[in-house]
Structure formats: C-alpha cells, structure tokens
1. When residues of the range 52-65 are filtered for being near the ligand (Cβ under 7 Å from one of its atoms) and assigned to a loop (DSSP other than H, G, I, E, B), how many remain?
2. Test residue 82 against the stated conditions and say whether it is modelled with pLDDT of 95 or more and surrounded by fewer than 19 Cβ atoms within 10 Å (Cβ to Cβ).
3. Looking at the structure I just gave you, is residue 76 touching a helix residue (DSSP H, G or I) at 6+ places or on another chain (Cβ under 9 Å) and more than 9 Å from the ligand (Cβ to nearest atom)?
4. Kindly evaluate residue 55 against the criterion of being surrounded by 13 or more Cβ atoms within 10 Å (Cβ to Cβ), without any contact (Cβ under 8 Å) to a residue 24 or more places away in the chain and more than 14 Å from residue 26 (Cα to Cα).
5. Just checking, how many residues over the range 58-79 are within 19 Å of residue 36 (Cβ to Cβ) and either crowded, with 17+ Cβ neighbours inside 10 Å or modelled with pLDDT under 95 (or both)?
Ligand code: SF4
C-alpha cells in the first residue's frame, strides 16, 4: 500500500472516530428557547416523568427529547412548557 493511500485511510478513521463526539454533545437551542426549557423541575413535573423524554444511559444521565431533534443534553430534572405526563 502506498503512503498516500495509507494516510487517507488514517484520516478516514479519524473522521469516523470524531462523529460520535459531535453527535452526542448537542443542544437544540431554538427548540429549548421556544419551549422555555430549563434545567430544573417545575414542581413534580420534570423530563424524567414526561412522555417525550428519551433517557440517557442511566436515570441520572442527560438524555434527549422527542420534541428537540438532535439535542442530547436534556436533563432528567429539566422541564419545558411541552411537558406531558408519562402514562
Ligand atoms: S417535552 Fe419538555 S419536559 Fe418533556 S422531556 Fe422534552 S424538554 Fe423535558
């Protein structure tokens, strides 16, 4: 294998390795703002008991919200005006 091909494969590997970092650390600021999201609960209402919440690895980890596309930093203790009780 020649050197430039080896370098290209190496760069491809680096690029692929970088994708999860980008994909797993993002906030959907537009939706957060329009839904008045905050990192604290509103009484008994919080993301972890909301129908829209997508839990992280553990119950305490940051997760996602079905209404906030691409957002991976929704707190289980957060809240927004779209809160809807999980059945
Ligand atoms: S809709 Fe609002 S309260 Fe429900 S999980 Fe998403 S951000 Fe949290």
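The values are calculated or read from the model by the stated rules, or taken from the named source; none is laboratory data. Fair warning: this is a prediction, and the values are worked out from it, not measured in the lab. We place every Cβ from the backbone using ideal geometry, glycine too, and count neighbours over all the protein chains shown.
1. 1
2. yes
3. So residue 76 does not fit the description; no.
4. yes
5. Residues in the range 58-79 being within 19 Å of residue 36 (Cβ to Cβ) and either crowded, with 17+ Cβ neighbours inside 10 Å or modelled with pLDDT under 95 (or both): 13 in total.
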